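Bear in mind these aren't lab numbers, they're just calculated from the coordinates by the rules spelled out. This structure is a prediction, so every number in the text was calculated from the model and none was measured. Positions of Cβ are generated from backbone atoms using ideal geometry, with glycine treated the same way; all protein chains shown enter the neighbour counts.
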């Protein structure tokens, strides 16, 4: 009995040992798998953290890039605003409210009047021309520099606002370009019309030049790095200078009539029968009938070179207009000017009369080129054609 008790105990102990060994072996395997799983989860977590950090870095980099791009666009808009303001100042100084000058549109045969440049409006911003407030985006750099103090615009984000500002500046720049183009065309058209007037009067427009000018020659040309706007300004200035030169020239061409009211001629230029001798004679001017005492007016700006009695002319005034042009006013009853006086177009030189070799009250009017008498009617016709009479 004791033997079997001992054997049973040994068997139980052996079984326990097997069970225990099996348990510990199984436990170690479970623990190993748990440790491996834990390590795997830790690695996955670390990978996730690394991925999240990368995403954060990418977002941050994108934000920094967007911010840099936004700042670059803002700086570009501010620079462009400054350029457009400078251009607006330049255009304001160039604008001529009376581009057509003294040459007005007259008879139907005259060319169509030139298109005048639009007149800039006084402004204090980047826009050169006034625009409706509801359609133009108004630029305020403080809104972007310190947006906390200024309300953001409704219905749009920052990028959309910058886009609208850029489009607004594009429109302003387009208007400036169009204004310059209109000014250039106006000056060119004015120069063409004045050349036509001078040519119709039988003069050479290329040789006509205003008197009493001079100075050193300083070439005028655009800078080597000049942009399209600067080159356009250069062309406008050249066209304006030419128009002004021709305007000064035509002001000294006797294109107006010497008497007020309707023209009533009694004798033209050329061969006629002398009223005193009844023989063929050369009439060097045009006779205008009128009443004694009527005002006689100079037909172009100039300087009085003779004022007094002159043989068959009677009381006579001669005016030098420069460029070889001169006019004479004979048979005057009174003389209202003296030698050396500088006269403006239309200023009275005397009164109509019948002094000298005359059969009755009238004005003997002459035009001369380099001392030679020429037909005044060609000047009068040119003036009438372009609305100066």
Counting other beta carbons within 10 Å of each Cβ, put 229, 217 in order, fewest first.
217, 229
Taking the Cα-to-Cβ direction at residue 381 and at residue 223 and moving 7 Å from each Cα, how far apart do the two end points lie in nm?
5.2
Please arrange 303, 359, 367 by how many other C-beta atoms lie within 10 Å of their C-beta, fewest to most.
359, 303, 367
Measure out, as a whole number of angstrom, how far apart the alpha-carbon centroids of segment 185-258 and segment 292-356 sit.
30
Over segment 265-385, what is the relative contact order in whole percent, taking alpha-carbon pairs under 8 Å and six or more residues apart?
28
When a/c reaches 1.5 or more, the comparison of a/b and b/c decides; with that in mind, is segment 280-389 rounded, prolate or oblate per its Cα gyration tensor?
rounded
Rough spin-label spacing in nm, given labels placed 7 Å along Cα→Cβ, for residue 306 and residue 234
5.0
Could you tell me, in Å, what Rg and Dmax come out for the Cα atoms of segment 221-353?
21.0, 75
Determine, for 339, 319, the number of other Cβ atoms within 10 Å of each Cβ, and report the residues in order from fewest to most.
339, 319
